[in-house]
Every structure is written in C-alpha cells, then in structure tokens.
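Chemist: The structure is given below, and queries will be raised subsequently.
The values are calculated or read from the model by the stated rules, or taken from the named source; none is laboratory data. Since we're looking at a predicted model, the values are computed, not measured. Every residue, glycine as well, gets a Cβ built from its backbone with ideal geometry; the counts of neighbours run over all protein chains shown. Just the protein is used for accessible areas: all its heavy atoms, side chains included, with ligands, DNA and RNA removed. Shrake-Rupley method; radii C 1.70, N 1.55, O 1.52, S 1.80 Å.
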Amino acid sequence: MSAAGGGSTAVMVETGLESRVESAFDRLADEGEERLDRSWAALVSTGLMGGVDVVFGVLALLLVLHETGNHLLAGLAFGVGFVALLLADSELFTEGFLVPVTALAAKRARARQLVRLWAVTLAANIAGGWCMAWLVAHAFPSLHATAVEAARVYATSAYGARSICLGLLAGAAITLMTRMQHGTESDPAKLVAAVAGAFVLAGASLFHSILDSLLCFVALTGGRAPFGYGDWAHWFVLTVVTNMAGGLGLVTLLRLVRSKEKVQAERSRAEAPGNGD
C-alpha cells in the first residue's frame, strides 16, 4: 500500500511539474507573439522607456556606492531599475532572449520580427539611456568620480576569457530572471526575481550591455574621464555578443529542450492545413 501510494504521489508531483512547465511555456509564447507583432512606434517607445526607467536604478546604485563604497549594497539598490522595468512595462534589449525566441520556436512569429525587435530595442535603450545619463550627470555632479571608477571596469576592459565569461554570465542571469518571472503569476514573486537579478548583475559587476553602458555614459557626459566613447564601443560590441550567447545558449535553449514536446506540438499546429499565412 505504501509503495503504491508513494508511486501515486510521484506521478502527481511529476504531473504537476509538467503542468507548470507547460503553463509557463504558454505564457512565454503568448507574450512573445504579442511583443514581436508590435508596430515600429510601439517598439521604439518601449525601448526608449526601458533606457529611461533603468537609469533610476543606476542613480540608486551610484548614490549608495558614493555613500558606502560597498558594491554589494549598491547592487541591491540597483533593484529599483528592474522593479521599474517590471511594473512600468518597459523593456531592455537583454530581456528579449527568452520570451520572443519561445514564440519563434513555436512558429508564432518570423525570424525577421525577432531581428527587428532586437535591433530597435537595443538602439532605443542606448538613446534613451544616454539622455537620462546626461541628466543624472549634470543633476548630481558629486557622483561623477564614483561613476568614473564604476565605469572604468567596463570601458577599459581588454578582450579575454574573463570578459567573455562575465558577459556570458550576465546574459544568462537576466534571462533566468525573465524565466522566473514568467514561471509564476505572483506579483510579489516577480518583484523578488527582479531584485535578485539586479543584485547578481550589479553586485557582482557582471558585463551587462545596457546597465554598464549607462554607467559609462554618466561618467562620459559628466566631465573628464580616463576613457572615451571608442573604449566604450570596443567593450560594448563584445558584451552584446556574449550577453546574447549567455542568454540564448545557457538558458533559453535548455528551457526549449525541456519543453520539446510542447514546442513540437505548437509547430505541428502552426504547420497544419488552414493555419498558414
């Protein structure tokens, strides 16, 4: 009896787990399809808002770092930025490695839509973030030295194994944060995931293409810095590539493999007669 009961419990647990995985996949695919089908104006405005909103996390980070010199506390303060992204429905380029790719894998969207999303969001994040960084730099000139020291780690980083690993980890961390937020319907749990993701990224000084670019922009627009936009661009190109590789390869691909039956079912349904374009 106990063996049979244990077997029934195991089946129930597995069934419940599979149900949660399928529900999360459906949420990801539904949202991804919606995000990829937005107009150009919606993509640009959402990307600009993402750059604007996350700067408030950068400001919180700099304030705490300036007052305490503690990178871990500053990383925790940066959570303000990711909470703003979550609650204000704005978007960062690095949040596009799981949700829209899931929709693409399910054949609910086309590759060109994904490329458009990435390109527009990245450009808009940088444009909106630069403008806000300029405001922060001129509103808080006392933070300039702190911003220079914080940004120096990124702008003067040489290409090498460590830089690649830091970029891969950052891409994986924010994509995992996205997966955690879509794995629950609890708003408090989503907020915890946002703060935790921000803490790991900023507290550990991982190479995140948007967050760390904004730190560089505060340093560059606020006065003299021991690096220039060329140094930032050199670092930025590698970081974008490694963020994508980390998010897509270390998190998204494994989640799609985990949901391969669901992916195959979605693709079969999309390819069925009457469901084509």
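Chemist: Give the angle, between 0 and 90 degrees and rounded to the nearest 10, that separates the Cα long axis of helix 79-88 from the longest principal axis of the Cα atoms of the chain.
Modeler: 60
Chemist: Would you check the accessible area of VAL237, probe 1.4 Å, heavy atoms only, in square angstrom rounded to 10?
Modeler: VAL237 exposes around 90 Å² with every protein chain in place.
Chemist: Mind listing P(r) for the range 89-166? All alpha-carbon pairs, 10 Å bins, whole percents.
Modeler: 15, 29, 33, 18, 5, 0
Chemist: Same structure again: Where the centre of each part is set by its Cα atoms, how far does the range 185-244 sit from the range 113-139, in angstrom?
Modeler: That distance is 12 Å.
Chemist: Using label points projected 7 Å from each Cα along Cα→Cβ, tell me how many nm separate GLN264 and VAL237, to one decimal.
Modeler: So the label points at GLN264 and VAL237 sit 4.2 nm apart.
Chemist: In degrees between 0 and 90, to the nearest 10, how far off the longest principal axis of the chain does helix 40-68 point, with axes built from Cα atoms?
Modeler: 60
Chemist: Sticking with this one: How large are Rg and Dmax for the range 168-231 when calculated on the C-alpha trace, in angstrom?
Modeler: 14.9, 46
Chemist: Tell me the per residue accessible area of the range 142-249 using a 1.4 Å probe; a whole number in Å² is fine.
Modeler: Ligands and nucleic acids excluded, the result is 38 Å² per residue.
Chemist: Between LEU104, LEU206, LEU87, where does the largest GNM mean-square fluctuation fall for the chain, given springs only between Cα atoms within less than 10 Å?
Modeler: So, out of LEU104, LEU206, LEU87, the one fluctuating most is LEU87.
Chemist: Rounded to the nearest 0.05, what FRET efficiency do SER39 and ARG162 give with R0 = 35 Å and r taken as the Cβ-Cβ distance? Could you check?
Modeler: 0.30
Chemist: So with the 1.4 Å probe, I'd like the accessible area per residue for the range 96-138, rounded to whole Å².
Modeler: 37
Chemist: For Rg and Dmax of the Cα atoms in Å, pick the label among [x] 30.7, 111; [y] 20.4, 76; [z] 20.9, 72 that corresponds to the value derived from the coordinates.
Modeler: Checking each listed value against the structure points to [y].
Chemist: Quick one: work out Rg over Rh on the C-alpha atoms of the range 107-235, Rh as Kirkwood radius.
Modeler: Radius of gyration relative to Kirkwood radius: 1.01.
Chemist: With contacts defined as alpha carbon pairs under 8 Å and 6 or more residues apart, what's the relative contact order of the chain in percent?
Modeler: 27
Chemist: Binning every alpha carbon pair distance of the range 161-277 at 5 Å from zero, what are the percents per bin?
Modeler: Calculated over all Cα pairs of the range 161-277, the distribution is 2, 11, 15, 16, 15, 13, 10, 8, 5, 3, 2, 1, 0 percent.
Chemist: Expressed as a whole percentage, what fraction of the accessible surface of the chain belongs to carbon and sulfur atoms when a 1.4 Å probe is rolled over the protein heavy atoms?
Modeler: Of all accessible area on the chain, carbon and sulfur atoms account for 66 percent.
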